[in-house]
Amino acid sequence: MKLKIGKFAAFCKISVPTLRLYDRMGLLKPASVDPATKYRYYAPEQIAVLNAILSYKKLGFSLQEI
């Protein structure tokens with residue numbers, strides 16, 4: 001099961017622009033991208049990766065360091 005970016009963002013209480021930034025930086029790539037629409041989809045398993053990123057940020061690491 002894959003979640004659209006908006007649903008994933010809402011579930012994780014993070015903004016869609018933040019997820020797009022993490023994608024551009026290579027921190028959290030979508031599980032898949034629709035080739036026609038470029039719409040991003042995320043897998044539930046990626047919540048753990050996002051939580052790790054957010055934990056590192058709380059510890060004071062910059063996105064570049066992560």
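The values are calculated or read from the model by the stated rules, or taken from the named source; none is laboratory data. Quantities reported herein were computed from a predicted structural model and do not represent experimental measurements. Cβ sites come from the backbone with ideal geometry, for glycine too, and all protein chains shown count toward neighbours. What goes into the accessible areas is simple: the full protein's heavy atoms, side chains included, and nothing from ligands, DNA or RNA. Shrake-Rupley method; radii C 1.70, N 1.55, O 1.52, S 1.80 Å.
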Query raised in the report: Looking at this structure, is residue 20 in a helix (DSSP H, G or I), open to solvent by 40 Å² or more (accessible area, probe 1.4 Å) and touching a residue at least 12 places away in the same chain (Cβ under 8 Å)?
Result: yes
Of those in the range 46-66 that are within 10 Å of the chain's Cα centre (by Cα) and more than 11 Å from residue 12 (Cα to Cα), the residue least open to solvent (accessible area, probe 1.4 Å) is 53
Cβ pairs under 7 Å, 6+ apart or interchain, first in the range 51-66 and closer than 13 Å to residue 18 by Cβ, second assigned to a loop (DSSP other than H, G, I, E, B) and among the β-branched types (Val, Ile, Thr), ordered by first then second residue, are 53/66
